[in-house]
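Colleague: I have a structure here, written as structure tokens, and I will follow up with some questions on it.
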Amino acid sequence: MTERAIEWLERNGDTPFFMHISYVRPHPPRRNPAGYHDLYSQEQVGPFAGFGTVEEQAEFHPLNRLLLSHPLTAAPLEPRERRQLRATYYGAQREVDDQLGHLFDYLAVSGLSGGTLVVLTSDHGEMGGDHWLVEKCGYWDESFHVPLIVRDPTPAAAGTRGAVVDEPTESVDVAATILDWLAVEVPRQFDGWPLTPFLRTGRAPQRWRQTVHYEWDFRHVQQRWAERQLGIPSDHCSLAVARSATTKYVQFAAGPEVLRPLLFDLARPEGHTRDLLADGGTGALEQGFEMAQEMLRWRSRNLERSLADCYLAPGTGPVWGRSLWR
């Protein structure tokens, strides 16, 4: 893929371009080419997140038990095999790093890097043995905390290169950022916010979000595996997460008698192994209520709005407004 991309760039010359390069790695099957498969040893793998035993992990919540019982999402129980799975993943990551190096070297040598916006991100993460799981699933950060590296080649961004952004960003920001960088108006129906202020000033814009949101739908319209195991319809097989810098709230579409909501204090060492709502303290219940309210406000502000902010004015036709922040 890297070779094809470079060949295309050579043919394209100085013509403006947009290129989307999607590397399948790191991805199952967990086998790497020669030179990468054994690049890292299992001894180099550190401790795993989650409970110390798979039994504790399953007992914590019905969704945990559901995922741990599925052959596609359950991690190997044998310690060496679980560490080797992670080590092999490291090798696949290194392969992608090396290929990106070839591509970026070409951009530099060809002179294209001086005018090319580069965005590096991923569609999802990998459990990699954490919480005794593999693949992408659930409400855990390992599945949803993905890389986002942006290089703005313009002189206005020279002072921020290498800066690390701690404010919460979302994948929906990528398209908005590209359009804003091209000086193209971001459509009203876009949920994302341009990241260009971070690129140019290194600071968050006024009223930047303090919470990220993500959702996961675990229905299977053919196998109906979760539906049968939990005794719920397909439309109940989903969850939504609101995550601040220190707190995570998980709301399930199914009722609490099947899948109870969860609240985690991520600043504490227990992390995802302690549900504050299950403790039943007044403070936790109040915090959970506020996080649920925040999620509801977010959903209300991000409804489908292709024709929002439009008024059919007498004699003049459609008049469009613009919401500056949500």
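Colleague: Evaluate the Debye formula for region 92-203 with equal point scatterers sitting on the alpha carbons, no solvent, and hand back log10 of I(q)/I(0) at q = 0.10 Å⁻¹, in q order, two decimals.
Modeller: -0.37
Colleague: Run the simple label-point estimate for Val164 and Val319 please: 7 Å along Cα→C-beta, distance reported in nm.
Modeller: 4.9
Colleague: Across the chain, where is the longest run that never hits chymotrypsin sites (Phe, Trp or Tyr not before Pro) in a DSSP loop with at most 13 other C-beta atoms within 10 Å? Don't skip to the end; give the middle numbers.
Modeller: On the way: sites that count: Phe17, Phe18, Trp325.
That gives 19-324 as the longest site-free run.
Colleague: For the chain, what is the convex hull (Cα atoms) projected area averaged across all directions, in square nanometres?
Modeller: For the chain, averaging the hull's shadow over all directions gives 22.2 nm².
Colleague: Let me check I have the definition right: for region 144-221, take the eigenvalues of the Cα gyration tensor, multiply each by 5, take square roots. What are those semi-axes in whole Å, largest first? Don't skip to the end; give the middle numbers.
Modeller: Working: eigenvalues 124, 46, 29 Å².
They are 25, 15, 12 Å, listed largest first.
Colleague: Here is a further query. Write down the Å³ per residue value for the convex hull defined by the alpha carbon atoms of region 118-174.
Modeller: 102
Colleague: So what is the relative contact order of region 213-326, in percent, for Cα pairs below 8 Å that sit 6 or more residues apart?
Modeller: That works out to 15 percent.
Colleague: Suppose every Lys and Arg Cβ carries +1 and every Asp and Glu Cβ carries -1, with no other charges. What dipole size does the chain come out with about its Cα centre, to the nearest 20 debye? Don't jump to the answer; show the numbers that get you there.
Modeller: Working: 33 positive and 43 negative charges, 104 e Å.
My answer is approximately 500 debye.
Colleague: Among Gln189, Gln223, Gln84, whose mean-square fluctuation peaks in a Gaussian network model of the chain (Cα, cutoff 10 Å)?
Modeller: Looking only at Gln189, Gln223, Gln84, the biggest GNM fluctuation is shown by Gln223.
Colleague: Here is a follow-up. Taking N as the number of residues in region 132-269, what is its Cα Rg relative to 2.2 N^0.38 Å?
Modeller: With N residues counted in region 132-269, Rg over 2.2 N^0.38 Å equals 1.30.
Colleague: Evaluate the relative contact order of the chain (contact order divided by residue number), counting alpha-carbon pairs under 8 angstrom at least 6 apart; express in whole percent. It would help to have the intermediate numbers written out before the result.
Modeller: On the way: 421 pairs, mean separation 37.1, N = 326.
Relative contact order here is 11 percent.
Colleague: Probe of 1.4 angstrom, ligands and nucleic acids ignored: what's the accessible area per residue over region 1-66, in square angstrom? Don't skip to the answer; put the middle values down first.
Modeller: Working: 4500 Å² over 66 residues.
Heavy-atom SASA per residue in region 1-66 reads 68 Å².
Colleague: Report the extension gain between Asp217 and Ser300 in nm, rounded to one decimal, defined as 0.36 nm multiplied by the number of residues separating them, less their alpha carbon distance. List each step's numbers first, then the result.
Modeller: Numbers: separation 83, 0.36 × 83 = 29.88 nm, distance 1.95 nm.
Gain in length upon complete extension: 27.9 nm.
Colleague: Rank these by accessible area, largest first, 1.4 Å probe: Asp235, Asp173. Please list the in-between numbers first.
Modeller: Working: Asp235 110, Asp173 0 Å².
Largest to smallest exposure gives the sequence Asp235, Asp173.
Colleague: Convex hull over the alpha-carbon atoms of region 237-278: what's its volume per residue in Å³?
Modeller: Numbers: hull volume 2.5 nm³, N = 42.
Each residue corresponds to 59 Å³ of Cα convex hull volume.
Colleague: Another question about this same structure. Suppose R0 equals 22 Å; then what is the FRET efficiency for Asp279 and Val258 from their Cβ-Cβ distance, rounded to the nearest 0.05?
Modeller: Efficiency for this residue pair is about 0.60.
Colleague: Assigning unit charges at the beta carbon (Lys, Arg +1; Asp, Glu -1) and nothing else, what dipole magnitude in debye, to the nearest 20, does region 1-111 show about its Cα centre?
Modeller: 280
Colleague: Hey, another quick one. Efficiency by 1/(1 + (r/R0)^6): what FRET value for Ser244 and Glu7, r their Cβ-Cβ distance, R0 = 51 Å, to the nearest 0.05?
Modeller: 0.65
Colleague: Please give me, ordered by residue number, the trypsin sites (Lys or Arg not before Pro) of region 160-208 that lie in loop per DSSP and have at most 15 other Cβ atoms within 10 Å.
Modeller: Those that pass, being in a loop and sparsely packed, are Arg161, Arg188, Arg203, Arg207.
Colleague: Using heavy-atom solvent-accessible surface (probe 1.4 Å) with all chains present, what is the largest-first order of Thr247, Thr53? Don't skip to the answer; put the middle values down first.
Modeller: Numbers: Thr247 10, Thr53 55 Å².
Output order, biggest surface exposure first: Thr53, Thr247.
Colleague: Identify the residues of region 163-188 with backbone N under 13 Å of a label point that sits 7 angstrom from the Cα of Ile149 along the Cα-to-Cβ direction, or state none.
Modeller: 163-164
Colleague: Once you've got the GNM for the chain with C-alpha springs shorter than 10 Å, pick whichever of Thr177, Thr73, Thr154 has the biggest mean-square fluctuation.
Modeller: For the chain, modelled as a Gaussian network with Cα springs under 10 Å, the answer is Thr154.
Colleague: For the chain, modelled as a GNM with alpha-carbon contacts under 10 angstrom, which of Cys310, Cys137, Cys237 fluctuates the most?
Modeller: Cys310
Colleague: With a Förster radius of 30 Å, plug the Cβ-Cβ distance of Ala175 and Glu56 into 1/(1 + (r/R0)^6) and report the FRET value to the nearest 0.05. Before the final figure, lay out each step's value.
Modeller: Details: r = 41 Å, r/R0 = 1.36.
Efficiency, from the Cβ-Cβ distance: 0.15.
Colleague: Does region 203-326 come out rounded, prolate or oblate by the C-alpha gyration tensor, with a ≥ b ≥ c the root eigenvalues, rounded set by a/c under 1.5 and, if not, prolate when a/b is larger than b/c and oblate if not?
Modeller: Here region 203-326 falls in the oblate category.
The values are calculated or read from the model by the stated rules, or taken from the named source; none is laboratory data. Every value quoted in this text rests on a predicted model; they were computed, and no experiment measured them. Glycine gets a Cβ as well: all are built from the backbone with ideal geometry, and neighbour counts include every protein chain shown. Surface areas here come from the heavy atoms of the whole protein model, side chains and all, with no ligands, DNA or RNA. Shrake-Rupley method; radii C 1.70, N 1.55, O 1.52, S 1.80 Å.
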